[in-house]
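The block underneath contains the structure these notes are about, expressed in structure tokens.
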Amino acid sequence: MDAPRQRSLHQTAVEQFQRAADLIGVVEPTRSILTEPKNEVIVNFPVELDDGTWEMFTGYRIQHSNILGPFKGGIRFHPDVDLDEVKALAQWMTFKCALAGIPLGGAKGGVTIDPGNYSTAELQRVVRRFTHALGSNIGPEHDIPAPDVGTNSQMMDWLMDTYANICGPANRQMVKGVVTGKSLATGGSAGREAATGRGVLYALRYWCGETGERLDSLSVSVQGFGNVGSHFARLASEEGCRIQVVGDHTGTIGAEKGLDIEALSVWVAEHGGVAGFPDSDEMTTEELFSTPADVFVPAALENQLTGPRATGMDCRLIIEAANGPTTPEAEDVFADRGVEIVPDILANAGGVVVSYFEWLQNKSARYWSEEDVDERLRTILWDAHDAVVARRAELGCTRREAAYAVALDRLVEVYDRRGIFP
């Protein structure tokens, strides 16, 4: 399913923010500062495998900006993880936090590994060795990781435990906030697991409010059925949307009347993917993109919506649940055809917002109900949507350019006020 990379992902990320910077007249040195990350941490570390052999792994932690607050961003376990990808993801996180108006900066991390090829015990050793190798490069007031592609709450629990045991005994109860996306038992937040998917649904609901569309009248295609795609599909289905096509790494399935998302979730948990799901039609990867739908939700990896694919797509709205799914060439095609795009830094910000909530709860040792979390999440995201719509009306630009303009307004003001030391 994954499209071959057409260009440097970091180059795409830089181009996106530079378009907005041109629109609002951002000057140096802010442009140069935001073009490159503040710190690039690369570690190589050994792990003993179950058979007694050893393997070397490469891990990354890219810290893009902390002008608004501690570095924040997920840790990805995937065979394609490399420096270029993680630099782009860290940069997007900076703009995502600024757009949401939360006091966090941008970072991202990863290990070049296919987690499906390793046992649970081996993955635990990889997580713990990676955490130990990062050492003081992370911390609850410095850099706060979270789950991403290929990682989950159990891995975050291991990360937190490893970091706590690196600290002195007197500080071990004070460092739960070193990572978010933990299990509830170890200090995680209610609502965190579904937060990104819920935020994507809020983006769809906001668009419906703009256009007068009804959720229960919309057909939706979803690429990716992991944490984000599956939660969005379930929530949208509950609101009456017809989820007609779903694709993942195992294949693509569809049903004209709509897929039973609850049953599909059970199937994926048992079989590892959507392929073979009963009462559905098998489809090709390209049919996932070419099948007409009101809404297309890319929730897989980056660079999936390329220029050629964009030409063959028939939809009215794209909500970028994934980071960087649309190439600049595809963006131009969609703009010419009048296809609306809710950009990733707005559409999938729900995860980092609730991670911020988890961090706050860890700091105060008080925990909020899921209803409270969801209400606070909706308020922050809809305020961000309102700001984007207002800035778009002022600038006469795309929704993505407006989103970056709002984020840049906030970043530039802080850089201007703080200045450059010494």
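Throughout, read-outs are computed from the coordinates displayed, never taken from laboratory work. The model shown is predicted, which means the values in this text are computed figures rather than measured ones. Don't worry about glycine lacking a Cβ; one is built from the backbone with ideal geometry, like all the others, and counts go over all protein chains shown.
Key figures
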{"item": "Sorted by Cβ neighbour density within 10 Å, fewest at the top, the residues H132, H64, H78", "result": "H132, H78, H64"}
{"item": "Per-selection Rg to Rh, segment 356-422 - Cα, Kirkwood hydrodynamic radius", "result": "1.13"}
{"item": "Most fluctuating residue given options A269, A322, A384, as computed from a GNM of the chain linking Cα atoms under 10 Å", "result": "A269"}
{"item": "Highest-MSF residue in the chain out of A321, A170, A349 [GNM, Cα springs under 10 Å]", "result": "A170"}
{"item": "Hz values of 3J(HN,Hα) by residue in segment 108-118 - Karplus curve (6.51, -1.76, 1.60), Gly and Pro given as x", "result": "7, x, x, 10, 7, 7, 9, x, x, 8, 10"}
{"item": "DSSP-defined beta bridges in segment 36-174 - what % are antiparallel, rounded to 5", "result": "70"}
{"item": "Quarter of the Cα convex hull surface for the chain, i.e. its orientation-mean projected area (nm²)", "result": "20.4"}
{"item": "Equivalent ellipsoid dimensions for segment 195-347 as semi-axes, Å, which come from the Cα gyration tensor, largest first", "result": "22, 17, 14"}
{"item": "Fraction of antiparallel bridges per DSSP, the chain only, in percent to nearest 5", "result": "50"}
{"item": "Efficiency of FRET between T186 and D22 - r from beta-carbon atoms, R0 56 angstrom, step 0.05", "result": "0.80"}
{"item": "Restraint check, K108/K182; K38/K108; K38/K176, Cα-Cα greater than 23 Å", "result": "K38/K176"}
{"item": "Residue order, fewest to most surrounding Cβ atoms within 10 angstrom, among W158, W92, W54", "result": "W54, W158, W92"}
{"item": "N165-E329 pseudo-label distance in nm [points 7 Å out on the Cα-to-Cβ vector]", "result": "4.9"}
{"item": "Helix-only [θ]222 nm of the chain, DSSP H runs n ≥ 4, -39500 (n - 2.57) each, per residue, nearest 500", "result": "-14500 deg cm²/dmol"}
{"item": "Total charge dipole magnitude, segment 36-174, about the Cα centre, Cβ charges on Lys, Arg, Asp, Glu only, Debye to nearest 20", "result": "580"}
{"item": "Stretch gain in nm, segment Q154-E370, where the contour uses 0.36 nm per residue and the Cα spacing is subtracted", "result": "75.8 nm"}
{"item": "Sequence-separation-based contact order of the chain, relative, with Cα cut under 8 Å and 6+ spacing, percent", "result": "17"}
{"item": "Sorted by Cβ density within 10 Å, fewest first, the residues C397, C167", "result": "C167, C397"}
